[in-house]
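What follows is calculated from the coordinates using simple rules that are stated; it is not laboratory data. Note that the coordinates shown come from a computational prediction; the quantities given were computed from them, not determined experimentally.
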Amino acid sequence: MNNKHIPQTELQKLASNTIRSISPHSLGQWVKSQTNNEYIIINRMFVKNLMDGVVATQDKNFNKAIASKWNFDDMMIWL
């Protein structure tokens, strides 16, 4: 995964456009727009449940498809 940088000025614009706080949904939409739809924010438990589901299932084709797109070892660092 490439390291994507968003300028600090854009973060300041986001913060100044909000009244009190930024919701996770708003932040996710903002990150998606700032990275040209390359990155999204997803719920941690969704990823954890996906990983647990892969471990629990016996569907080898499903597991192979997931493993080809997601590196669980790397993901465990930020989970």
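Excluding residues fewer than 8 places away in the same chain, name every one of the lysines whose C-alpha is closer than 25 Å to that of LYS48. Output for LYS48: LYS4, LYS32, LYS60, LYS64, LYS69. Phi angles across the stretch 22-33 convert, under the Karplus curve 6.51 cos²θ - 1.76 cosθ + 1.60 with θ = phi - 60°, into 3J(HN,Hα) values of 10, 6, x, 5, 4, 4, x, 5, 5, 4, 4, 5 Hz, Gly and Pro given as x. By the helix-only formula, in which each DSSP H run with n ≥ 4 contributes -39500 (n - 2.57) and the sum is divided by residues, the chain has a 222 nm mean residue ellipticity of -18500 deg cm²/dmol. Partner aspartates and glutamates whose Cα lies under 20 Å from the Cα of LYS13, excluding those fewer than 8 positions away in the same chain, are not found. For ILE22, no residue whose modelled amide H falls within less than 5 Å of its own remains once neighbours fewer than 5 places apart on the same chain are excluded.
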